[in-house]
Amino acid sequence: MRARTNGIELNYTVEGEGAWVVMSHSLACAIPMWDEQAQALRLRYKVLRFDTRGHGGSDAPAGPYTLGQMADDLHGLLAARGVTRPHFVGLSMGGMIGMTYALEHPGALRSLVLCDTSSRVGPEAKPVWDERIRIATEQGMEPLVEPTLKRWFTEPFLARRPPAVERVRDMIRATPVTGYVGCCHAIPQIDLTDRLHGIACPVQIIVGEQDVGTPVAMARAIHQAIAGSDLVVIPDASHLSNVEQPEAFNRALLDFLGRVDVR
């Protein structure tokens, strides 16, 4: 399905029945990143997964993009579907979109789940992002595939689970260069830590214990900035903790959503 929002069309899927759960993927991924979670959630919830601008089946206009722009994309998508007060689950860039949206639209979310993400990227990281932009612009996505997988998964998982790794490899490889580059301009601009106290809905933070991209220290900073938030550290998982340890991730997520629903 496709929806017109903020001057572009976003690709999305809906499955299940119940309260809305909206899911936002990481940079260089797409809707299938959440397959294991959607399979579990759709038994209790109505699950909306969407491809961020520049990714999957969504439009990929020339950038640079901003996180505010992507939050506006989300706002238009929810309005087009008549979705009100959903649970929101975002991983990495998806978590950044969720934080931005929650601050721009107070009271719009029933809960916010922030996975393997950060509320601030320091200036020391800018050369890293500039280099990724350069490689993608000059050579395409292929040279970025294997280094990205090594950052996103632990070595034992890379060796043990080739089907799951291949699914993610295909998503990275298929990401439009314009979309990747556009989002690479947006991500390093995030600086929300000092504003997080303004998020009023229940918040859960999930992070892989071995995440090198957005490490546990970044998750703890978000946890400390949001009073009453939950923090779950998943052992034997790196950046895509939902893919590497889906059972532990789903257990934590479903427990949190269930507790929010009975409040």
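The values are calculated or read from the model by the stated rules, or taken from the named source; none is laboratory data. From a predicted model like this one, the values you see are computed outputs, not experimental measurements. Backbone-built Cβ (ideal geometry, glycine too); neighbour counts: all protein chains shown. Only protein heavy atoms, including side chains, enter the accessible area calculation; ligands, DNA and RNA are left aside. Shrake-Rupley method; radii C 1.70, N 1.55, O 1.52, S 1.80 Å.
Tell me which GluC sites (Glu not before Pro) from the stretch 1-66 have a DSSP coil assignment and no more than 12 other beta carbons within 10 Å of their own. Passing both the DSSP loop test and the Cβ count: Glu17. Counting only heavy atoms of the protein chains and using a 1.4 Å probe, Thr178 has close to 60 Å² of accessible surface. Less than 5 angstrom separates the built amide H of Ala200 from those of Gly107, all sequence-distant by 5 or more or on a different chain. Computed over protein heavy atoms with a 1.4 Å probe, the accessible surface of the chain works out to 41 Å² per residue.
On the stretch 112-209, 55 percent of the accessible area sits on carbon and sulfur atoms, based on a 1.4 Å probe.
Springs between Cα atoms under 10 Å define the GNM used for the chain, and in it the highest mean-square fluctuation of Ala136, Ala159, Ala221 occurs at Ala159. Only helical runs count toward this figure. For the chain, summing -39,500 (n - 2.57) over DSSP H runs of n ≥ 4 and dividing by all residues gives -13500 deg cm²/dmol at 222 nm. For the stretch 95-108, putting each phi into the Karplus relation 6.51 cos²θ - 1.76 cosθ + 1.60 with θ = phi - 60° gives couplings of x, 5, 4, x, 4, 4, 5, 4, 6, 7, 10, x, x, 7 Hz, in residue order, rounded to whole numbers and with x for Gly and Pro. Converting phi to 3J(HN,Hα) with the Karplus coefficients 6.51, -1.76 and 1.60 and the offset θ = phi - 60°, the stretch 75-89 yields 4, x, 5, 5, 5, 5, 8, x, 8, 10, 6, x, 6, 10, 10 Hz in sequence order, with x at every glycine or proline. FRET efficiency for the pair Leu43 and Ala217, taken as 1/(1 + (r/R0)^6) with r the Cβ-Cβ distance and R0 = 30 Å, rounds to 0.30.
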